[in-house]
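Student: Below you will find the structure I want to go over with you.
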Amino acid sequence: VMTPGLVDCHTHLVFGGARADEFEARLEGASYEEIARRGGGILSTVLATREASEQTLFNAALPRLKALVEEGVTTVEIKSGYGLDVANELKMLRVARRLGEELPVHVLTTLLGAHALPPEYENDSDGYIELVCNEMIPAAAAEGLADAVDVFCEKIAFSVAQCERVFKAAQAHGLPIKAHAEQLSNLGGAAMAARHCALSADHIEYLDDAGIAAMREAGSVAVILPGAFHTLRETQQPPIAGLREAGVPMAVATDANPGSSPIFMPTLMLNLACTLFRMTPQEALAGMTANGAAALGLKGQGQLHEGAVADLCVWDIETPAELAYAVQPGRLRQRVYQGELTHGR
Ligand code: NIG
Ligand code: FE
């Protein structure tokens, strides 16, 4: 079976440290939210990422990206969001750009400065949002380091109004926007993002009908992240049937990151999207090809047709549905990147 090269449109592949301790704490009953509130979670990765040199971060991220590439990914998005100050956010984005120069894969970078509140801004989240808007976004734009701007709109992160400020600053610098929204609660972040013509709203387990309507209106892609749902043992399902009925395009991505989705296996996400959320294998595959591309502003890519970009995978399977059906690494027979064979013969 030949498919387009896989598009993983939502990852946090660049980070310092690891969070197995937090994984254990959650198994003992602590929630993702509680861990975040006591200064663990994203903030523990921020400390490790700030301490790491650019080279250390690069060396750590390279095998993670290799794992994706060896499973057929030809386009990947990589977010910052563990630096949370200008220098460290730019450091992360530089590492992401370098990764794309090292391996045969298109890397798109996303500035996620509004991911969490850094300790030095405790009790001043508006002050931090000002830093993101007035310094981080302009610096990333000036250096050409960001292809998009993302936010984490959530009670443990930033409010809808704060995220809206970030979006306005991004758009003033000509950068497209996207949002982590409605993951742990329904704040209306996805609808606000859609009103600003966001490329995508991601997670969206708590998305309601008004959010679906706003996304349909704006043409925003719904990025479904079953790895985080699985890892955090969540129970609130994203509204797949409603999205399907409304015709909102659905993407599927790994969300590969050290906390909520330490999973570096794209085809497992196809499987989880089907088993956990009852997406069809065809929807899941479209989610990691054409709709993943659309979530990155690459409309028309991630498809097989004459004249399309020759990023292709040939798999040792008989039908496309098998890609989602079996959890089995090693089925990629050939990988073609930009018309060149980069795997197999
Ligand atoms: O997509 N939701 C927020 N951000 C990431 C998790 C980051 C982390 O836990 O380190 C996510 O799930
Ligand atoms: Fe994420």
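Student: Just to confirm my numbers, what's the Cα centroid distance between region 147-186 and region 195-220 in Å?
Tutor: Using only Cα atoms to place each centre, the spacing works out to 13 Å.
Student: Which of these, ALA222, ALA114, ALA61, has the largest mean-square fluctuation under a Gaussian network model of the chain (Cα springs below 10 Å)?
Tutor: Checking each option, the largest mean-square fluctuation is seen for ALA61.
Student: Still on this model: Report, ordered by chain and residue number, the lysines lying within cross-link reach of LYS299, taken as a straight Cα distance under 19 Å and ignoring same-chain residues fewer than 8 apart.
Tutor: Straight-distance partners of LYS299: LYS178.
Student: Using square roots of five times the C-alpha gyration tensor eigenvalues, list the equivalent-ellipsoid semi-axes of region 34-116 in whole Å, biggest first.
Tutor: Square roots of five times the eigenvalues give 23, 14, 12 Å.
Student: If you take the Cα Rg of region 7-153 and divide it by 2.2 N^0.38 Å, with N the number of residues, what do you get?
Tutor: 1.04
Student: With the cut-off at 23 Å, tell me which of the pairs LYS79/LYS168; LYS79/LYS155; LYS66/LYS155 have Cα atoms farther apart than that.
Tutor: LYS66/LYS155
Student: Quick check on region 87-202: take the gyration tensor over C-alpha atoms, sort the square-rooted eigenvalues as a ≥ b ≥ c, and tell me if it's rounded (a/c under 1.5), prolate or oblate.
Tutor: prolate
Student: Taking the chain as a Gaussian network, where each spring joins two C-alpha atoms under 10 Å apart, which residue of GLN183, GLN328, GLN162 fluctuates the most?
Tutor: Top of the fluctuation ranking is GLN328.
Student: Just add up the charged neighbours of ILE137: K/R +1, D/E -1, any other residue whose Cβ is under 12 Å from the Cβ of ILE137.
Tutor: -3
Student: Can you check what the net charge comes to around ILE212, using other residues whose Cβ is under 12 Å from the Cβ of ILE212 (Lys, Arg +1; Asp, Glu -1)?
Tutor: Neighbour charge sum, excluding ILE212 itself: -3.
Student: Also, quick follow-up: If I build a Gaussian network model for the chain, linking alpha-carbon pairs within less than 10 angstrom, which residue out of LEU272, LEU99, LEU232 has the largest mean-square fluctuation?
Tutor: Taking springs between Cα atoms under 10 Å, the residue moving most is LEU232.
Student: Once the other residues with Cβ under 14 Å from the Cβ of GLY40 are scored (Lys, Arg +1; Asp, Glu -1), what is the net sum?
Tutor: Net charge in that neighbourhood comes out at -2.
Student: Report the gain in length on full extension from SER159 to ALA87: 0.36 nm times residue separation, minus Cα-Cα distance, nm rounded to one decimal.
Tutor: Once the chain is fully extended between SER159 and ALA87, it gains 23.5 nm.
Student: Take the Cα coordinates of the chain, assign each an equal point scatterer, and use the Debye formula without solvent to give log10 I(q)/I(0) at q = 0.11, 0.12 Å⁻¹.
Tutor: -0.65, -0.78
Student: Same structure, new question: Taking +1 at the Cβ of each Lys and Arg and -1 at the Cβ of each Asp and Glu, which of ALA179, TYR128, LEU332 sits farthest along the dipole of the chain towards its positive end, judged by Cα position relative to the Cα centre?
Tutor: Final value for the positive-end residue is LEU332.
Student: Can you show me the helix-derived [θ] at 222 nm for the chain, built from DSSP H runs with n ≥ 4 at -39,500 (n - 2.57) apiece and divided by the number of residues, rounded to the nearest 500.
Tutor: My calculation for the chain gives -11500 deg cm²/dmol from helical runs alone.
The numbers here are math on the coordinates, done by the rules we state, and not lab data. Since this is a predicted model, take the numbers as computed values, not measurements. For neighbour counting, all protein chains shown are included, and Cβ atoms are generated from backbone atoms with ideal geometry for every residue, glycine included.
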